[in-house]
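Readers should treat all values here as calculations from the given coordinates under stated rules, not as data from a laboratory. Since the model is a prediction, treat every value here as computed from it, not as a measurement. Positions of Cβ are generated from backbone atoms using ideal geometry, with glycine treated the same way; all protein chains shown enter the neighbour counts.
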Amino acid sequence: MNATKTAIDGPCDCSLLGNLPIPSELKKLHRIDCKGQTVVIGIEGSANKVGVGVLAYQPSTNSYTTLSNPRKTYISPPGHGFLPKETSWHHQAHIVALVRAALEEAFPENKNPGKEISAVCYTKGPGMGGPLRTCAVAARTISLIFGCPLVAVNHCVGHIEMGRVATGASDPVVLYVS
């Protein structure tokens, strides 16, 4: 097990997010862990960084906690930008180890952490095609192995929603520059 903690923040209030209800077709698949939490694993790899986070939503306090968040960054050779093919290879080389590290940190005593996962989330785009595909394949595989829903997330909307939680803004004005 990795001795370094990757989840360093405490619980975040998510009352401002206005969580949407679970769609009826997914309710039969929705799992709640032994603590009454909804736990998701998310994979982000839209550019040169690939990361795997495990988040727990606690309805009794309307807050979420980051249980783990390991990541790796592809650093291109000096004088070169990062290219989709090489970045994809980087992500492919690290994604399995990152998933394992994330699950081990989030559930250190649990031999079958897949039973705790309610959904697998992944960045659908926008981003670099090759790295996005690498992470989408990993997410789909994990979803099938754990028998839980697969949730595509728009990268830009994800940043906006994280900003809302971090700042406590309920209706922010956002400038998105690509």
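Okay, here's what the table says:
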quantity	calculated
Span-rule helices in the chain, defined as complete DSSP H runs reaching 24 Å or more along the axis (Cα) with Kyte mean at least -0.5	84-106, 129-146
Geometric extent, Cα atoms of the stretch 81-178 - Rg, Dmax (angstrom)	15.7, 44
Over the chain, relative contact order from alpha-carbon pairs under 8 Å, at least 6 apart, %	26
Antiparallel DSSP beta bridges within the stretch 30-130, percent to nearest 5	80
Cβ charges +1 (Lys, Arg) and -1 (Asp, Glu), total dipole of the stretch 55-127, debye	200
Lys pairs under 30 Å by Cα in the chain, provided they are eight or more residues apart or on distinct chains	28
Computed over the stretch 73-138, the ratio Rg/Rh where both radii use C-alpha atoms and Rh is Kirkwood	1.07
Spacing of the two label points (7 Å from each Cα toward its C-beta) at residue 174 and residue 4, in nm	3.0
Approximate shape of the chain as ellipsoid semi-axes (Cα gyration tensor, √5λ), whole Å, largest first	26, 21, 16
Net dipole in debye of the stretch 19-178 [+1 Lys, Arg Cβ; -1 Asp, Glu Cβ; about Cα centre; nearest 20]	320
Spacing of the two label points (7 Å from each Cα toward its C-beta) at residue 140 and residue 166, in nm	3.1
Two-site FRET efficiency, residue 150 against residue 104, from Cβ-Cβ distance with R₀ of 22 Å, rounded to 0.05	0.50
Measure of compaction for the stretch 28-107 (Cα Rg per 2.2 N^0.38 Å)	1.36
